[in-house]
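Peer 1: Just dropping this structure here.
The values are calculated or read from the model by the stated rules, or taken from the named source; none is laboratory data. Note that the structure is predicted; figures quoted are calculated from it, not measured. Here the Cβ is made from the backbone with ideal geometry for all residues, glycine too, and neighbour counts use every protein chain on show. With ligands, DNA and RNA removed, areas are computed over all heavy atoms of the protein, side chains included. Shrake-Rupley method; radii C 1.70, N 1.55, O 1.52, S 1.80 Å.
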Amino acid sequence: NADFKAYLDGVAYGKILGDSFNGYMKSFLYSMACGALVYLAILSFKCFKLTVLKIIGIVISIGTFVYFGFFHCVANAFYFAMSISFDYRMITYFLVNIFGNFVGALILNFIILGILALLKNKKYKEVL
């Protein structure tokens, strides 16, 4: 059905590109923030011993990125795949999204490793 295809394209374009989208920099920064928060959720799951603290760490991190509307590449892959007609802009923003998630997690990892190294904690390799 042509109407349904147009509807799916509208949802996908609205989610990935958006009406008020300011460009690649916003996409990259939102993706970086999401990557850092997802990394923090995974780190809290791996590091905390108590199940309650693991759940709190995950819920706060994931809830924060969802509340602020940061871009996660797996979530946006659904919208990207939902659109039948692919546009070069969607592909470019999706690649920026993937790279931003990677860079955000990597930067937070380096910050945490740096802080732990400054504190001269011998177990920082075991934590991360």
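Peer 1: Those residues that are loosely packed, with under 14 Cβ neighbours inside 10 Å and either among the aromatic types (F, W, Y) or closer than 11 Å to A33 by Cβ (or both), I need them from the range 98-114; list them, please.
Peer 2: Within the range 98-114, just F110 meets the criteria.
Peer 1: Then there is this: For the range 39-82, which residues satisfy the criterion of being aliphatic (A, V, I, L, M), free of Cβ contacts under 8 Å to residues at least 24 places away in the same chain, open to solvent by less than 50 Å² (accessible area, probe 1.4 Å) and more than 17 Å from I98 (Cβ to Cβ)?
Peer 2: Scanning the range 39-82 gives a single hit, A41.
Peer 1: A further question on this structure: Mind checking which pairs have a first residue in the range 1-13 that is over 18 Å from R89 (Cβ atoms) and a second that is loosely packed, with under 12 Cβ neighbours inside 10 Å and of a type outside the set (K, R), Cβ under 6 Å, 6 or more apart or different chains?
Peer 2: Close Cβ pairs satisfying both conditions: K5/I84.
Peer 1: For the range 1-38, give me each residue that is modelled with pLDDT under 80, surrounded by 13 or more Cβ atoms within 10 Å (Cβ to Cβ) and either acidic (D, E) or within 26 Å of G104 (Cα to Cα) (or both).
Peer 2: D9, A12, Y13, K15, I16, L17, G18, F21
Peer 1: Across the range 41-78, which residue is nearest to the chain's Cα centre (by Cα) among those that are assigned to a loop (DSSP other than H, G, I, E, B) and either at positive phi or aliphatic (A, V, I, L, M) (or both)?
Peer 2: Filtering first and then ranking leaves G69.
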